[in-house]
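K.L.:
Quick one: the structure is below, and I'll ask about it shortly.
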Amino acid sequence: MSMSMATSNHTLFLHNPTNLTNTTNLFPITTTRTATTTFKPISIKCTATTRTQAPPQASTQFQDRVFNFAAGPATLPENVLLKAQSELYNWRGSGMSVMEMSHRGKEFLSIIQKAESDLRTLLNIPSEYSVLFLQGGATTQFAAIPLNLCTPQDTVDYVVTGSWSDKAFKEAQKYCKPKVIWSGKSEKYTKIPSFSGLNQSTDARYLHICANETIHGVEFKDYPTPKNGVLVADMSSNFCSKPVDVSRFGLIYAGAQKNVGPSGVTIVIIRKDLIGNAQGLTPVMLDYKIHDENNSLYNTPPCYGIYMCGLVFEDLVEQGGLKEVEKKNKKKAEILYNAIDDSKGFFRCPVDKSVRSLMNVPFTLEKAELEVEFIKEAAKEKMVQLKGHRSVGGMRASIYNAMPLAGVEKLVAFMKDFQARHA
């Protein structure tokens, strides 16, 4: 995306709408708690007073941008960024930016309602589940979940497959009696346990997993069934990367900044019968009942972040849904993992092949002293944020939904060239 279009600091990215379009009335999403088995998508369009503008064409696609392999905040779809650019100054003829809107005005209500509707369509979320747009990141949910789902005396089970599930367990110790029923720490978090071997507590209120460990690159390909209670999953780094049967979970939560939007938005999908039992000491901002009753508008939400998530959801729907998205993600991951495995040990991925993440690919060099040079040279070729997490070292390529195939292909070509020069 060329930046030469900007003529001054005040006109950078600020373009008035030009194309006329019809508007529609607002159709609020139902919040009934009547249980049904499937969700029927409804058509919701964002309210605009008069007109919208088509996003600028990416005539210099990829030429002015790097391939960003960061784990989060992460790369966003280029067409989404261009659309947001075109709507930044004057959202669809409203005379104001989304950043200036009242969160209780009809314009933003249409934005958040459409975002929820599109997310429900993508994940086929049953109507007996609430969708909440919150703040505080997934880390805040480490406390909110036990505060809402159990009492201080309740037992809960945690499967610890990496740093994030370990952090979730440690936070839960403040609010209930969590038990680690499996940990991969002794094997440096490179595996997922056999579900049949899990020694679940018979009285556990919930079973918690991290569906994809961003740092260590392990991903659940299937999900365990709790003996008692409900299944709770942190899906921050693989949210909306593939179809998921939401009905198998009591609660799903995810920070948006890895796969579906900018930082600042946290999404919680929770079965409605689990709402309303928060511990007495639960802060109001962590009480799911408060947010559910107020349709995520109890206080000012992260409006622009929700708007961006809505654009991403719309883009995923237009791609054909999550089945098509998963196909693309599998192709990208296969190319990268094959390059690592075919390097004769020059590059190495420590993760068990059966549970390798489609989103986060950690790898090391046979000659560890070359890792700094690898990262430095890659950056010169406009491939950035390949350094591994500080807790594990090495390299990590995060190849979320928005990472184009061209980015992975360029990385693989660079890896092969680097090996030819340094093997």
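K.L.:
Counting heavy atoms of the protein chains only and a 1.4 Å probe, report the per residue accessible area for the chain as a whole number of Å².
P.N.:
The answer is 44 Å² per residue.
K.L.:
Let me ask you something else. Report, by chain and number, residues whose modeled amide H sits under 5 Å from the one on residue 388, excluding near sequence neighbours (fewer than 5 apart, same chain).
P.N.:
Those lying under 5 Å, H to H, from residue 388 are 394, 395, 396.
K.L.:
Still on this model: Could you give me the ³J(HN,Hα) list for region 403-418, computed from phi with Karplus coefficients 6.51, -1.76, 1.60 and θ = phi - 60°, whole Hz, x at Gly and Pro?
P.N.:
6, x, 4, 4, x, 5, 4, 5, 4, 4, 4, 5, 4, 5, 5, 4
K.L.:
Rounded, prolate or oblate: pick one for region 158-311, where a ≥ b ≥ c are the square roots of the eigenvalues of its C-alpha gyration tensor, a/c under 1.5 means rounded, and failing that, prolate if a/b is larger than b/c, else oblate.
P.N.:
Oblate.
K.L.:
Can I ask one more? Among 260, 149, 358, whose Cα projects farthest towards the positive end of the dipole of the chain, with charges put on the beta-carbon of Lys, Arg (+1) and Asp, Glu (-1)?
P.N.:
Result: 358, furthest along the dipole toward the positive end.
K.L.:
Further question: Shape of region 159-211 from its Cα gyration tensor (a ≥ b ≥ c, root eigenvalues): rounded if a/c is under 1.5, otherwise prolate when a/b > b/c, or oblate?
P.N.:
oblate
K.L.:
Further question on the same structure: Could you tell me whether the chain comes out rounded, prolate or oblate from its Cα gyration tensor? Rule is a ≥ b ≥ c as square roots of the eigenvalues, rounded for a/c under 1.5, then prolate if a/b exceeds b/c, otherwise oblate.
P.N.:
oblate
K.L.:
Right, something else. Taking every DSSP beta bridge that has both residues in region 79-319, what percent is antiparallel when rounded to the nearest 5?
P.N.:
The antiparallel fraction comes to roughly 45 percent.
K.L.:
Still on this structure, I have one more. Which GluC sites (Glu not before Pro) from region 169-230 combine a DSSP loop assignment with at most 12 other Cβ atoms within 10 Å?
P.N.:
none
K.L.:
Please list, ordered by chain and number, the residues whose modelled amide H lies under 5 Å from the amide H of residue 360; skip anything fewer than 5 residues away on the same chain.
P.N.:
399
K.L.:
In whole percent, how big is the carbon plus sulfur part of the accessible area of region 79-319, probe 1.4 Å, protein atoms only?
P.N.:
Whole-percent figure for carbon plus sulfur exposure: 48.
K.L.:
Additional query: Taking the inverse of the average 1/r across all pairs of different Cα atoms in region 321-421, what Kirkwood radius in Å do you get?
P.N.:
Hydrodynamic radius (Kirkwood, Cα only) of region 321-421 equals 13.8 Å.
K.L.:
Give a residue-ordered list of calculated ³J(HN,Hα) values for region 166-173 (Karplus: 6.51 cos²θ - 1.76 cosθ + 1.60, θ = phi - 60°; whole Hz; x for Gly, Pro).
P.N.:
Couplings: 5, 5, 4, 4, 5, 5, 5, 4 Hz.
K.L.:
Distance between the C-alpha centers of region 393-422 and region 119-185? Whole Å please.
P.N.:
The two parts, judged by their Cα centres, are 33 Å apart.
K.L.:
I would also like to ask the following. List, in the order given, every pair from 330/353; 167/272; 344/367; 353/376 whose Cα-Cα distance in the structure shown is over 21 Å.
P.N.:
167/272; 353/376
K.L.:
Over the chain, what is the mean sequence separation of C-alpha contacts under 8 Å (at least six apart), divided by residue count, expressed as relative contact order in percent?
P.N.:
18
K.L.:
A further question follows. Using the Karplus curve 6.51 cos²θ - 1.76 cosθ + 1.60 with θ = phi - 60°, work out ³J(HN,Hα) for each residue of region 217-226 in order, rounded to whole Hz, and write x for Gly and Pro.
P.N.:
With coefficients 6.51, -1.76 and 1.60, one gets x, 10, 9, 5, 8, 9, 10, x, 9, x Hz.
The values are calculated or read from the model by the stated rules, or taken from the named source; none is laboratory data. Just so it is clear, the model here is predicted, and its values are computed rather than measured. Every residue, glycine among them, receives a Cβ derived from its backbone with ideal geometry; neighbour counts consider all protein chains shown. Surface accessibility is based on the protein's heavy atoms, side chains included, excluding ligands, DNA and RNA. Shrake-Rupley method; radii C 1.70, N 1.55, O 1.52, S 1.80 Å.
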